[in-house]
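Structure first, then comments.
The values are calculated or read from the model by the stated rules, or taken from the named source; none is laboratory data. The structure displayed is predicted, hence computed values, not measured ones. Every residue, glycine among them, receives a Cβ derived from its backbone with ideal geometry; neighbour counts consider all protein chains shown. Remember, those area values only see protein heavy atoms, side chains included, never the ligands or the DNA or RNA. Shrake-Rupley method; radii C 1.70, N 1.55, O 1.52, S 1.80 Å.
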Amino acid sequence: AVPFPNLWHISIIRIYPFDDDVLFRGSAATLESLQVELSGAVVGVIKQYSVFTRGSHPKLWCVDYWISKFELLPRHFTDWAMVAQFLLSMASRATVIQIRGDPVNIAY
């Protein structure tokens, strides 16, 4: 089922309330703008369901993503290769990209 077939903007802040790709399903042809806080849950769903692959979202021109301070801590999220691959595939056609993150002090 495709509950939102004509989405042009998706904003995910703090939590991703689903266990699958339901929010992204069916919007590949219409999605123009994405604002997302990257977390292990969001990246995991996007990877598991191959939501963003190179050229999959031809109208996506604005990508705004950030990583929260909590997710930057190594004990909580360590698959940075997956994040890098995700960012590169998602933004392949974007003309505006904004990447943000909270400053972190990690004592070892």
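Some notes on this structure:
- Among the candidates Ile10, Ile15, the residue that is at pLDDT below 90 and among the β-branched types (Val, Ile, Thr) is uniquely Ile15.
- Residues of the range 16-33 that are touching a strand residue (DSSP E or B) at 6+ places or on another chain (Cβ under 9 Å) and polar (S, T, N, Q): Ser27, Ser33.
- Residue that is nearest to Arg100 (Cα to Cα), among those in the range 10-24 that are open to solvent by less than 20 Å² (accessible area, probe 1.4 Å) and not aromatic (Phe, Trp, Tyr): Ile12
- Within the range 50-62, residues that are more than 10 Å from Ser27 (Cβ to Cβ) and of a type in the set (A, V, I, L, M, F, W, C) reach partners that are at pLDDT below 85 and exposed (fewer than 11 other Cβ atoms within 10 Å of the Cβ) with beta carbons closer than 7 Å, at six or more positions or on different chains, in the pairs Trp61/Thr95; Trp61/Val96; Cys62/Val96.
- Matching residues, the range 39-55, being among the polar types (S, T, N, Q) and open to solvent by 30 Å² or more (accessible area, probe 1.4 Å): Gln48, Ser50, Thr53
- Total residues in the range 41-61 satisfying the condition of being more than 17 Å from Val22 (Cα to Cα) and modelled with pLDDT under 85: the figure is 2.
- Of all residues in the range 25-38, exactly one satisfies the criterion of being of a type in the set (S, T, N, Q) and open to solvent by less than 10 Å² (accessible area, probe 1.4 Å), namely Ser27.
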